[in-house]
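Enquirer: First, the structure itself, so that you have it in front of you.
The values are calculated or read from the model by the stated rules, or taken from the named source; none is laboratory data. If you're wondering where the values come from, they're calculated on a predicted model, not measured in any experiment. All Cβ positions, glycine included, derive from the backbone under ideal geometry; neighbour counts span all protein chains shown.
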Amino acid sequence: MSAHLNCRILLPTAVAGLLSACAGTSMSPMMATPFSQAALPAAVQVPAGHGVAMETVGAGDITYECRDKVAAAGQYEWVFVGPAASLTDRQGRVVGRYFGPPATWAANDGSAITGTQVAVAPASTGNIPLQLVKANPASGSGAMSGLSYIQRVATKGGVAPAMACDSAAKGKREIVKYQADYIFWKPA
């Protein structure tokens, strides 16, 4: 038998042997590490008695507008107008969107929630703050039903523009990119 023929016989036999060896082992997909809020500032930690219901990544835009500064005649500031972001699960599938005002998280299944801000905590320079929101009752039934809290963590970007906000820029809108993880909690 030629060496070439031996290789054609041995290769399929070797592959079959490897496959049968693997069949006896647990080939479960990589498990994601459960979300831990231990490293978060206490102000934005969800109270005990709640568990993670869903983890998403929001990526999109935040709009700011140059407006008169409240209680400071003749001064101006960039004011948060609202977000527009897609929400994806940890596998990258779009599962909903985040928009406002009011801040609204809407799942593809038609359920949606709004919430009331409980606390914020500083993030690293150039990133919007971490946030804890108390969820209002959901509209529609689905993924957003029964939620108690929403955390905004792992923020990237989204801060007000660095460009001048003065009388010449009054009324001008600027859009900045941002990303954040939104962790949704339910009573345990």
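Enquirer: Quick one: is A84 touching a Ser or Thr at 6+ places or on another chain (Cβ under 9 Å) and within 21 Å of Q37 (Cα to Cα)? Spell out the reasoning first.
Expert: Numbers: touching a Ser or Thr at 6+ places or on another chain (Cβ under 9 Å): yes; within 21 Å of Q37 (Cα to Cα): no.
No; evaluated as a whole, the condition is false for this residue.
Enquirer: Also: What pairs come out if I take residues in the range 36-56 that are over 15 Å from V118 (Cα atoms) and pair them with residues that are surrounded by fewer than 12 Cβ atoms within 10 Å (Cβ to Cβ) and of a type in the set (A, V, I, L, M, F, W, C) whose C-beta lies under 9 Å away, six or more apart or interchain?
Expert: A48/A188; G49/A188; H50/A188; G51/A188; E55/A32
Enquirer: Considering only the range 83-94, state which residues are of a type outside the set (G, A, S), outside any loop (DSSP other than H, G, I, E, B) and surrounded by fewer than 18 Cβ atoms within 10 Å (Cβ to Cβ).
Expert: T88, V94
Enquirer: So which residues in the range 98-113 are under 19 Å from K156 (Cβ atoms) and in contact with a Phe, Trp or Tyr (Cβ under 8 Å, 6 or more places away or on another chain)?
Expert: Y98, W105
Enquirer: Which residue is nearest to V81 (Cα to Cα), if the candidates are limited to the range 125-162 and must be out of contact with any strand residue (DSSP E or B) (no Cβ under 8 Å at 6 or more places or on another chain) and in contact (Cβ under 8 Å) with a residue 24 or more places away in the chain?
Expert: Going through the qualifying residues, I end up with S145.
Enquirer: If you don't mind, another one. Among the residues of the range 172-185, write down those that are within 21 Å of D89 (Cα to Cα) and either of a type in the set (S, T, Y) or surrounded by fewer than 16 Cβ atoms within 10 Å (Cβ to Cβ) (or both).
Expert: Listed by number, the residues that qualify are K177, Y178, Y182.
Enquirer: Can I ask one more? Please verify whether the range 160-171 includes one or more residues that are modelled with pLDDT of 95 or more, of a type in the set (K, R), more than 29 Å from A48 (Cβ to Cβ) and surrounded by 13 or more Cβ atoms within 10 Å (Cβ to Cβ).
Expert: no
Enquirer: So, one more: Quick check on the range 148-159: of everything there that is crowded, with 18+ Cβ neighbours inside 10 Å and of a type outside the set (A, V, I, L, M), which residue is farthest from Y64 (Cα to Cα)?
Expert: Restricting to residues being crowded, with 18+ Cβ neighbours inside 10 Å and of a type outside the set (A, V, I, L, M), the top hit is S148.
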